[in-house]
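The values are calculated or read from the model by the stated rules, or taken from the named source; none is laboratory data. Bear in mind that the values here come from a model prediction, so they are computed numbers and not experimental data. Cβ sites come from the backbone with ideal geometry, for glycine too, and all protein chains shown count toward neighbours.
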Amino acid sequence: MKLSRLAVQLIAVLGLSISSFAAQAQTVLKVGWTNTMDSHYGVGITTFGDEVAKRTNGRYKLQYFPAGALGGEREMLEAVQLGTQDLIITSTGPVGNFVAETRIVDIPFLFRDYAHARKVLDGPIGKDILSKFPAKGLVAISWMENGFRHVTNSKRAIKTPDDLKALKIRTMENKVHMEAFKALGSLPTPMNMNEVFTALQTGTVDGQENPIPVILANKLYTVQKYVSLTSHVYSPAMLIINKGLWDKISAADKTAFYEAAKIALVANRKKVNDDEANGIAVIEKAGTLVNKVDTTLFQKAVASAYVQYNKDYGEANIKKIIDVK
Ligand code: EAX
């Protein structure tokens, strides 16, 4: 009798250790991004990683590669498409080269403010764009946020569009943005983010444009004299995973990933808000001049680019976004 109780206990212990062994079988997912660990992207992705680990009992774990350790955003997207990298958090900068339907949200002066952008991306229009990714070997788990972009440069304060004339401005590898900067009379120079600091420092380009969180994370204000608050375009970001890998994840775990992404998005947007609230003071303290601009002047100046946008992305589609209140 005693022996059989021992046997039962033994079986129970053995069973427990087998199931805990199963619980420990872990899939490690490599995630890369261009900004630092403590940036709005880092905050978003580490929140995502923590939540995924918690919600899958540690069966999925994220391995972090911040600050462009795996390359620029276009290179990393290629790697995610191939499956040599699992995940990326990226601006939409190069994404239109993979999934053309994302280009519409890169149009300057499309979104009035953060509330407008977030509502569009979280709603049916945003979901419809996400649904276009699987056909390209990618799954966009969620939108994330980069923020409204502002021009920085080493020559002069940008107060009117004329001030941009003939300035060499680094843009993302994004034709929508390049068309806008051409319309503004500057010389758009596409370049991957990893090269921007040095290009500004050595004067290869006069300026660049990025949201405050990126200007802070990469200390771009230390190699620029002027930060002009042009808010010329809202810059979305996205959390993207390789499709083959996604297809192997169980339905319950996919739900865990989606839930984790929701929490990550809140953390990422909060960090964008915080950086915007505190960042100007940090930049000014370093001796860099920050100026406000009348953004309507810039909006009028890119009107000519809208002729092309209407043709490429559909006037009705653009209006549908503008009309979201
Ligand atoms: O995704 O390349 C860029 O300017 C992006 O805004 C930045 O890397 C964050």
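Here the helices (runs of 4 or more DSSP H) wholly within the range 226-325 that include at least 2 residues being among the polar types (S, T, N, Q) are 251-285, 295-301, 303-309.
Taking (1) surrounded by fewer than 20 Cβ atoms within 10 Å (Cβ to Cβ); (2) within 15 Å of the ligand (Cβ to nearest atom); (3) farther than 17 Å from residue 91 by Cβ in turn, residue 227 satisfies each apart from (1). State yes or no: is residue 140 touching a strand residue (DSSP E or B) at 6+ places or on another chain (Cβ under 9 Å), within 16 Å of the ligand (Cβ to nearest atom), closer than 30 Å to residue 254 by Cβ and at pLDDT 95 or above? Answer is yes for this residue.
Within the range 215-271, being free of Cβ contacts under 8 Å to residues at least 60 places away in the same chain, over 24 Å from residue 118 (Cα atoms) and basic (Lys, Arg) holds for 219, 248. Tell me, please, whether a residue that is in contact with a strand residue (DSSP E or B) (Cβ under 9 Å, 6 or more places away or on another chain), among the acidic types (Asp, Glu), surrounded by fewer than 23 Cβ atoms within 10 Å (Cβ to Cβ) and touching a residue at least 24 places away in the same chain (Cβ under 8 Å) can be found in the range 109-119. Checking the range 109-119: not a single residue is in contact with a strand residue (DSSP E or B) (Cβ under 9 Å, 6 or more places away or on another chain), among the acidic types (Asp, Glu), surrounded by fewer than 23 Cβ atoms within 10 Å (Cβ to Cβ) and touching a residue at least 24 places away in the same chain (Cβ under 8 Å).
Residues that are touching a Pro at 6+ places or on another chain (Cβ under 9 Å), surrounded by fewer than 19 Cβ atoms within 10 Å (Cβ to Cβ) and within 17 Å of residue 302 (Cα to Cα) do occur in the range 184-194, at least one of them. Test residue 36 against the stated conditions and say whether it is in contact with a helix residue (DSSP H, G or I) (Cβ under 6 Å, 6 or more places away or on another chain), not in a helix (DSSP H, G or I) and not small (Gly, Ala, Ser). So residue 36 fits the description; yes.
Scanning the range 44-64 for residues that are surrounded by fewer than 18 Cβ atoms within 10 Å (Cβ to Cβ) and outside any helix (DSSP H, G or I) gives 57, 58, 61, 63, 64.
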